Amino acid sequence: MISGENTPTLFPCLRARMGDWWYYITTMTFGQVDSWILRVHEIHERRELKTWIQRDLRPERLERIADYLISQKQHFFNSIVVGIYGGEPDWYPITIGKNPTMPSLQLEDRAKHTFGFLCLSGSEEIFAVDGQHRVAGIKKAISNRSSLIKDQQCVIFVAHRRTEKGRTRTRRLFSTLNKYAKPVSPGELVALSEDDTFAIVTRK
């Protein structure tokens, strides 16, 4: 299933640019993550995607993520980056006028064109460029605890094109995100963890 039976949906978001990438920052409920962000085998180009854009899912890792969401009330994730292609997503900017209560406040041009709505038609195919284990963990967690379905996850959309040039861009993005992501060291975990009993005892 893709995006809730082809129902157009508006996502409030920010639009920004870095390098030659335009991207959209929004939030999705865990339920929307489950229905909109597809697994590799659900995507039309699944064979290519499996070989050039996504890591193999490690069952033990997604189990840990699901258990964390279910057992830790103070759970929190950083943003998931997703590629979007197909369908006809539209950007509807919100015009910001002068604030009558703060007439001296002057907005930068950048701020005037940052806020808006991203409309997805429901026929798009969306896949995780960075965060596929978190997506799988969310899917598993809400299947075991439905009360999590309304939790909200920050999601960053980037455009993907079904051309060789487009695939090259997405491969480079995937490589960059994973190349510069540095895992927390064991020492940092001992210094920061509030859930690991051994870490707490070691600090004391």
Q: In nm, give the distance between the simple-model label positions of residue 79 and residue 14, each being 7 Å from the Cα along the Cα-to-Cβ direction.
A: 0.8
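Share of the stretch 62-117's accessible area from carbon and sulfur, percent, 1.4 Å?
Roughly 56 percent of what the probe reaches on the stretch 62-117 is carbon or sulfur.
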Q | Label-point separation, residue 68 to residue 143 (7 Å along Cα→Cβ), nm | A | 2.0
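The values are calculated or read from the model by the stated rules, or taken from the named source; none is laboratory data. This one's a predicted model, so the numbers in the text were calculated from it and none came from an experiment. No Cβ is skipped: glycine too gets one built from the backbone with ideal geometry, and neighbour counts run over all protein chains shown. Ligands, DNA and RNA are excluded from the accessible area calculation, which covers all protein heavy atoms including side chains. Shrake-Rupley method; radii C 1.70, N 1.55, O 1.52, S 1.80 Å.
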